[in-house]
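Quick notes on the structure that follows.
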Amino acid sequence: MPFYDHEIDLVILTHPHADHYVGLTALLNRYKVDRLLWNGVKGMAPDYQPFQAAVDKKHVVRVVDDHKISFDFGDGVHLTTIYPNRKLGAGETADPNVTSIISRLEYGSNSVLLTGDTSEAVEQGLVASHLIRPDTVLKVAHHGSKTGTDAGFLATDQPKFAVISVGRNNRYGHPAPETLLRLKGIQIYRTDKDGTVEFSSKAGVPFSVKAHALHD
Ligand SMILES: [Zn+2]
């Protein structure tokens with residue numbers, strides 16, 4: 001977004017892990033955020049408190065009910081949540097990754113599937129529930145970890161582009177070689193190598209991708 005724009009329509013905290021909410025704390029304090037979507041699961045670490053304090057000042061929409069939530073951004077742009085589509089049980093919140101909000105952003109014939117840090121089991125469940133269909137872009141689950149990006153899920157999602165949000169030289173070894181192997185044949189962008197990745201979809205203009213490579 002341009003530097004002079006200080007308003008964000010919607011921010012999603014997919015699940016309460018520090019690598020997702022710490023950056024959002026600064027963003028919430030610096031920008032005017034209209035709505036914040038989260039799954040109702042609270043973080044347990046001390047650094048969650050500054051995030052909670054920033055959230056308390058905002059209008060918060062929570063995905064906890066037994067129905068999907070849709071946002072209409074105007075001009076034909078919609079975002080719909082597909083997981084969780086019911087209140088999460090106590091046992092399920094033990095691993096925050098599997099509580100990740102999964103949503104689809106749609107505009108015309110293009111769509112982006114946002115998967116948070118979800119697992120193969122959740123991906124398989126979504127396929128079985130017929131909630132996965134071909135998407136233009138897949139935001140690869142869990143920084144490319146081997147615990148996500150199920151082969152059957154990929155065969156159903158059939159993304160043209162896959163983007164992996166991952167730190168350079170991270171200590172977890174993300175993305176996993178086996179996940180990269182499963183993504184073979186799909187055009188992959190990685191934030192550790194390609195920097196900020198920008199997807200553009202405009203009426204009458206071909207879908208485009210721009211990578212703002214990092215400079216050392
Ligand atoms: Zn993460």
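Using the 10 angstrom Cβ neighbour count as an exposure proxy, how do 109, 100 rank, fewest first? Don't skip to the answer; put the middle values down first.
Numbers: 109 8, 100 28.
Ascending number of Cβ neighbours within 10 Å: 109, 100.
Cα-based Rg of the range 103-216 per 2.2 N^0.38 Å, rounded to two decimals? Don't jump to the answer; show the numbers that get you there.
Values: Rg = 13.9 Å, N = 114, 2.2 N^0.38 = 13.3 Å.
The range 103-216 yields a ratio of 1.05.
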Seminar exercise, completed: Residues whose modelled amide H sits under 5 Å from the amide H of residue 190, counting only those 5 or more places away in sequence or on another chain, are 164
Problem set entry | Selection from 208, 185, 110, by position along the positive dipole direction of the range 76-216 (Cβ) | 208
For this session: Using only alpha carbon positions, build the gyration tensor of the range 120-172, then give the equivalent ellipsoid semi-axes as the square roots of 5 times its eigenvalues, largest first, whole angstrom.
Result: 21, 13, 7
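Which of the pairs 58/210; 42/160; 184/210; 58/193; 160/202 have their Cα atoms more than 27 Å apart in this structure? Write down the numbers at each step before the final one.
Values: 58/210 32 Å; 42/160 34 Å; 184/210 21 Å; 58/193 34 Å; 160/202 17 Å.
Flagged as over cut-off: 58/210; 42/160; 58/193.
Compute the orientation-averaged projected area for the chain from the convex hull of its Cα atoms and round it to one decimal in nm². List each step's numbers first, then the result.
Details: hull surface 50.9 nm².
Its Cα hull, projected and averaged over all orientations, spans 12.7 nm².
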For this session: Could you line up 209, 122 from fewest to most neighbouring Cβ atoms inside 10 Å?
Result: 209, 122
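Helix-only mean residue ellipticity at 222 nm, the chain, DSSP H runs n ≥ 4 weighted -39,500 (n - 2.57), per residue, nearest 500. What is it?
-6000 deg cm²/dmol
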Exercise. Which one of 204, 91, 152 has the biggest mean-square fluctuation once the chain is modelled by GNM with Cα springs under 10 Å?
Worked result: 204
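Readers should treat all values here as calculations from the given coordinates under stated rules, not as data from a laboratory. Since we're looking at a predicted model, the values are computed, not measured. A quick note on method: Cβ atoms are made from the backbone with ideal geometry, for glycine too, and the neighbour counts reach across all protein chains shown.
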